[in-house]
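Peer 1: Quick one: the structure is below, questions incoming.
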């Protein structure tokens, strides 16, 4: 096995194990909240606290991923997540009030998840050479989709059969396994950088870098538009299926699987849908996405709904792989962690704002109107990409 193949295999195994464990935590916690409290308000409280803790971690987490070796950060997150899941299982077993468990998970769970995500995304630029970044981002996309699909299937079966306590044990075992794999000898540098400045100087350096390198900033914003679209679509598609298509949660669940299969297919294509050396292809993918969203707005057929959701998964995943590669190629490796983290913090705020806007618009104008928000986001992505292309790269 070649050195490059070994890198690909190890990176895949680590992220696949961690993503399955982390997604089990996400899906399982939501079900636990509804089952334990019978209050949608409590789910909203959990989401709000998670958003706040994630935002704070993203502001500071990017500098941490540049200050310390990526693999050490990933190992810390996996081990920390495993401990958190095992402690949660023990708390449930001991009969601790659900409210305290929910608050603890909201404060501790999301920061570890976003730090892992930032470090994993930033590690792509160190694991793969510049000319192979598309392959690295594709491998990461495949692991994300496999993690989401496996977690959904495992959670649905195990939660019903064994309950939340044992689900947390399984999540802990999987994340612990990912952390143990990272203890084995691997081909990536694991030493601390030789010289680092004051923490706040480093954080400020990331902000200054984005302000001074506008091409990097525009491409970075464009790269996060697919992620924002996916998050906001959870609000739009759920209401649309219930209120317009007139189907139950099973149809929505099958639609989620179709989306994941489309995204998985795009990941397996290895970034061929959008070659970062030819970013103009992104306009065609964005045009196709807008057409699919417009068709979804007026569609009432369940079969066509599944097909269009699958197509949206292919296009969004292809855009995410290609645009992330384009962003990384226009960013100095030593600043990638900070830039990713700061841009992700902005994206998280936009996710919350656009989700609220989509829900409010759907209540006022009907469920199909939520797709206008998604189409507007796709157009924003095209605008950011155009601005990045028109901005001269800084020397």
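Peer 1: Which one of the conditions (1) more than 21 Å from residue 256 (Cβ to Cβ); (2) assigned to a helix (DSSP H, G or I); (3) at pLDDT below 85 does residue 368 fail to meet, given that it meets all the rest?
Peer 2: Going through the list (1) more than 21 Å from residue 256 (Cβ to Cβ); (2) assigned to a helix (DSSP H, G or I); (3) at pLDDT below 85, residue 368 breaks only (1).
Peer 1: When you go through 12, 4, 60 one by one, which is the residue that is at pLDDT below 75 and closer than 23 Å to residue 146 by Cβ?
Peer 2: 4
Yes/no per residue for (1) surrounded by fewer than 22 Cβ atoms within 10 Å (Cβ to Cβ); (2) closer than 20 Å to residue 263 by Cβ; (3) at pLDDT 90 or above:
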site: 297; (1), (2), (3): yes, no, no
site: 316; (1), (2), (3): no, yes, yes
site: 322; (1), (2), (3): no, yes, no
site: 344; (1), (2), (3): no, yes, no
site: 349; (1), (2), (3): yes, no, no
site: 364; (1), (2), (3): yes, no, no
site: 372; (1), (2), (3): yes, no, yes
site: 393; (1), (2), (3): yes, no, no
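Peer 1: Answer yes or no: is there a residue in segment 293-311 that is over 17 Å from residue 233 (Cβ atoms), in contact (Cβ under 8 Å) with a residue 40 or more places away in the chain and not in a helix (DSSP H, G or I).
Peer 2: Within segment 293-311 (the criterion being over 17 Å from residue 233 (Cβ atoms), in contact (Cβ under 8 Å) with a residue 40 or more places away in the chain and not in a helix (DSSP H, G or I)), the answer is yes, since at least one residue qualifies.
Peer 1: In segment 272-289, how many residues are over 11 Å from residue 382 (Cα atoms) and modelled with pLDDT of 85 or more?
Peer 2: The number of residues fulfilling the criteria is 2.
The values are calculated or read from the model by the stated rules, or taken from the named source; none is laboratory data. Please read all numbers here as calculations on a predicted model, not as lab measurements. For neighbour counting, all protein chains shown are included, and Cβ atoms are generated from backbone atoms with ideal geometry for every residue, glycine included.
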